[in-house]
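Undergrad: This structure is in structure tokens; I'll ask about it shortly.
The values are calculated or read from the model by the stated rules, or taken from the named source; none is laboratory data. Everything numeric here is computed off the predicted structure, so don't read it as measured data. When we count neighbours, we look across all protein chains shown, and the Cβ atoms used for this are built from the backbone with ideal geometry, even at glycine.
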Amino acid sequence: MRMFVALPLSEAAVEHLQEFLAPRQEAGADLRWTVTEQWHLTLAFLPDVADRHLDELEERLTRAARRRTAVEVALAGGGAFPGPSRGRVLFAAVDAGERTGSRAEELRRMATGARAAAVKSGIEVEGARFHPHVTLARARRPTEMTRWIRVLEGYRGPTWCTERLVLVESHLGEGPRRRPRYEIRADFPLGAGAETRA
């Protein structure tokens, strides 16, 4: 199974960003825009999860989520991977306060905990250093994305509080226009009081 661990966006955050992007997307016909149902903040990408590892992964993610606390975040600004001049991915940046602040650190710890849960369950984790973002569009070939980054510079969405991690299975080519279809397989409330909220 192709899976990832993520923080979902609030409905208000999705609606606000969608309203901001909608009138601008026609100018980006050379980009493949992601659908709002697929917006999330990836903590760990697991390209090949064997069924036999799933129970242990869920147990470890439950424990990892209980060790973390909810934080307030917002989408603000943006960027491109691997860089503006030859971008393949356009993204909205995640503002969790100062890069060295406690909220930003808590996000990093969530990602570290999710990755550790996977590795200890015998699952390979793909990807480089954690960089919190929400993917907005992809380019078929390296593309100059500076103008899009400038558009996003002025954007700031509503603040929301992260309350849970989700484990999502990605079914390639099963969504509209042969996009992936996402299926939430498990939900993990954050914080020591998770048992009472579940």
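Undergrad: If I filter the stretch 79-92 down to residues being surrounded by fewer than 19 Cβ atoms within 10 Å (Cβ to Cβ) and small (Gly, Ala, Ser), which single residue comes out as nearest to Arg2 (Cα to Cα)?
TA: So in the stretch 79-92, the residues surrounded by fewer than 19 Cβ atoms within 10 Å (Cβ to Cβ) come out as 81-86, 88-89.
Next, only the ones that are small (Gly, Ala, Ser) stay: 83, 85.
Values: Gly83: 26, Ser85: 30 Å.
Once the filter is applied, the top-ranked residue is Gly83.
Undergrad: Additional query: Could you tell me how many of the residues in the stretch 1-24 are more than 30 Å from Leu61 (Cβ to Cβ) and either in a strand (DSSP E or B) or free of Cβ contacts under 8 Å to residues at least 24 places away in the same chain (or both)? Before the answer, list the steps.
TA: From the stretch 1-24, those more than 30 Å from Leu61 (Cβ to Cβ) are 19-24; that's our starting set.
Checking the rest, the ones that are also either in a strand (DSSP E or B) or free of Cβ contacts under 8 Å to residues at least 24 places away in the same chain (or both) come to 19, 22-23.
Within the stretch 1-24, residues that are more than 30 Å from Leu61 (Cβ to Cβ) and either in a strand (DSSP E or B) or free of Cβ contacts under 8 Å to residues at least 24 places away in the same chain (or both) number 3.
Undergrad: Does any residue of the stretch 33-46 turn out to be closer than 18 Å to Trp148 by Cα and in a strand (DSSP E or B)?
TA: Yes - at least one qualifying residue is present in the stretch 33-46.
Undergrad: Can you tell me which residue is modelled with the lowest pLDDT among those in the stretch 16-48 that are polar (S, T, N, Q) and farther than 30 Å from Ala116 by Cα?
TA: So the residue we want is Gln25.
Undergrad: Among the residues of the stretch 164-185, is there at least one that is surrounded by fewer than 17 Cβ atoms within 10 Å (Cβ to Cβ) and among the hydroxyl-bearing types (Ser, Thr, Tyr)?
TA: No, the conditions are met nowhere in the stretch 164-185.
Undergrad: Quick one: which of Ala118, Ala104, Ala114, Ala76 is assigned to a strand (DSSP E or B) and either hydrophobic (A, V, I, L, M, F, W, C) or crowded, with 18+ Cβ neighbours inside 10 Å (or both)? Write out each step before concluding.
TA: Details: Ala118 fails: assigned to a strand (DSSP E or B); Ala104 fails: assigned to a strand (DSSP E or B); Ala114 fails: assigned to a strand (DSSP E or B).
Exactly one of Ala118, Ala104, Ala114, Ala76 is assigned to a strand (DSSP E or B) and either hydrophobic (A, V, I, L, M, F, W, C) or crowded, with 18+ Cβ neighbours inside 10 Å (or both), namely Ala76.
Undergrad: Residue check: is Pro142 out of contact with any Phe, Trp or Tyr (no Cβ under 8 Å at 6 or more places or on another chain), surrounded by fewer than 17 Cβ atoms within 10 Å (Cβ to Cβ) and closer than 17 Å to Leu7 by Cα? If you could, list the steps in order and put the result at the bottom.
TA: Details: out of contact with any Phe, Trp or Tyr (no Cβ under 8 Å at 6 or more places or on another chain): yes; surrounded by fewer than 17 Cβ atoms within 10 Å (Cβ to Cβ): yes; closer than 17 Å to Leu7 by Cα: no.
No: the conditions fail for Pro142.
Undergrad: Can you work out which of the residues in the stretch 133-150 that are touching a Leu at 6+ places or on another chain (Cβ under 9 Å) and in a helix (DSSP H, G or I) is farthest from Gly83 (Cα to Cα)?
TA: Applying the filter and picking the extreme gives Trp148.
One line per residue, one yes/no per condition, for (1) modelled with pLDDT of 95 or more; (2) of a type in the set (Gly, Ala, Ser):
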site	(1), (2)
Gly87	yes, yes
Ala114	yes, yes
Glu183	no, no
Pro189	yes, no
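Undergrad: Within the stretch 15-40, can you find the residues that are of a type in the set (A, V, I, L, M) and either in contact with a strand residue (DSSP E or B) (Cβ under 8 Å, 6 or more places away or on another chain) or crowded, with 19+ Cβ neighbours inside 10 Å (or both)?
TA: The initial filter retains those residues of the stretch 15-40 that are of a type in the set (A, V, I, L, M), namely 17, 21-22, 27, 29, 31, 35.
Correct list: Leu17, Leu21, Leu31.
Undergrad: Return the pair list, or none, for Cβ contacts closer than 7 Å from residues in the stretch 159-181 that are outside any strand (DSSP E or B) to residues that are among the small types (Gly, Ala, Ser), at least 6 apart or on different chains.
TA: That search, which allows pairs on different chains as well, returns Thr159/Ala74; Thr162/Ala70; Glu163/Ala70; Pro180/Ser170.
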